[in-house]
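The values are calculated or read from the model by the stated rules, or taken from the named source; none is laboratory data. Everything quoted here is computed from the prediction, not taken from an experiment. Cβ atoms come from the backbone with ideal geometry, glycine included; neighbour counts cover every protein chain shown. Note: accessible area is taken over every heavy atom of the protein model, side chains too, but ligands, DNA and RNA are not part of it. Shrake-Rupley method; radii C 1.70, N 1.55, O 1.52, S 1.80 Å.
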Amino acid sequence: MNMKTYNHPYHMVTLSPWPIMLSFNLMNMLMSVVIYMYLNIYTLLLMNFLIMILSMFQWWRDIIRESTFQGFHTLTVTKFLKFSMILFIISELFFFISFFWTFFHSSISPTIEIGLTWPPMMINSFNPYDIPLLNSVILVSSGFTITWSHHSLLNKNYMNFNKSLTYTLMLGVYFITLQYMEYYESQFCMNDSIFGSVFFMMTGFHGLHVIIGILMISTMFLRFKMNHFSNIHHFHFEASLWYWHFVDVVWLFLYLFVYWWMW
């Protein structure tokens, strides 16, 4: 649709097959997961996963085309996109609040089944001044580097943008590597009482969010290499930046209460 055919700043989205395809695909994914769990047949799961990736890729391709080349993402549309990203981060925040609620409920009033102590008996928690502290420094440093890259983009300093964003990706991968090493050396597992379950759920989901943030920044970096961004039009970068800072803040609370307070 040509922007000159209407006189309002909103984007009237054209017909697209991807929403309905992804809806059916997610339903089929659920069914294929159940089939895999009960019948140990993973063919349907792999096929539905492949269809989901292809549908998402083509949907995002259409959005990039609409925003970058067709000019449909006006200032008003971008404002609402930012608002939707804020709502998404708030929903993620309450997702982690539910885990913190479980953690505090179990730690402040431990039951007799776990020995009336927290951490429970026979649980050797991690030294907060070892890998967890190093991971904290790494993730906070990545927050500085991605903010540096944002200011570089605003000032059209593309050399510093490349450099600082590369540092951010390296620090994110380093964080995930250290967390894998921490899990590998752990003396307790997810089956070890409520402490093990909550610990691995909280830190594991945070690690998953870090991986998602790395993927967001990586795709944004590729788009930058293809000249999709300018100093005034780069919502993809701002969304990735906000998400990465959210991951940083959640980790600080995880380190403070799950590692340091429990040691």
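Taken together, the residues in region 178-189 that are surrounded by 15 or more Cβ atoms within 10 Å (Cβ to Cβ) and either free of Cβ contacts under 8 Å to residues at least 24 places away in the same chain or part of a loop (DSSP other than H, G, I, E, B) (or both) amount to 2. Per the conditions (1) in contact with a Phe, Trp or Tyr (Cβ under 8 Å, 6 or more places away or on another chain); (2) open to solvent by less than 30 Å² (accessible area, probe 1.4 Å); (3) among the aliphatic types (A, V, I, L, M), the sole criterion not satisfied by Ala239 is (1). You will find that of Ile51, Ile41, the residue that is over 23 Å from His209 (Cα atoms) and touching a helix residue (DSSP H, G or I) at 6+ places or on another chain (Cβ under 7 Å) is Ile41 and no other. If only residues of region 210-263 that are of a type in the set (Gly, Ala, Ser) and assigned to a helix (DSSP H, G or I) are counted, the one that is nearest to the chain's Cα centre (by Cα) is Gly213.
Within region 55-68, not a single residue is over 25 Å from the mean Cα position of the chain (by Cα) and modelled with pLDDT of 90 or more. Report whether or not Leu116 is exposed (fewer than 12 other Cβ atoms within 10 Å of the Cβ), among the hydrophobic types (A, V, I, L, M, F, W, C) and either modelled with pLDDT of 90 or more or not in a helix (DSSP H, G or I) (or both). Yes. Among the residues of region 217-227, is any open to solvent by 30 Å² or more (accessible area, probe 1.4 Å) and of a type in the set (Gly, Ala, Ser)? So far as region 217-227 goes, yes, one or more of its residues are open to solvent by 30 Å² or more (accessible area, probe 1.4 Å) and of a type in the set (Gly, Ala, Ser).
For every residue, the table says whether it meets (1) open to solvent by 60 Å² or more (accessible area, probe 1.4 Å); (2) farther than 18 Å from Trp244 by Cα.
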residue	(1), (2)
Asn135	no, no
Ser141	no, no
Phe144	yes, no
Thr147	no, no
Lys163	yes, no
Thr166	no, no
Ile176	no, no
Val198	no, yes
Gly204	no, no
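When region 190-209 is examined, which residues are found to be under 14 Å from the mean Cα position of the chain (by Cα) and in contact (Cβ under 8 Å) with a residue 60 or more places away in the chain?
Applying the first criterion (under 14 Å from the mean Cα position of the chain (by Cα)) to region 190-209 yields 202-209.
If the condition is that a residue be under 14 Å from the mean Cα position of the chain (by Cα) and in contact (Cβ under 8 Å) with a residue 60 or more places away in the chain, then Met202, Phe205, His206, His209 are the ones that fit.
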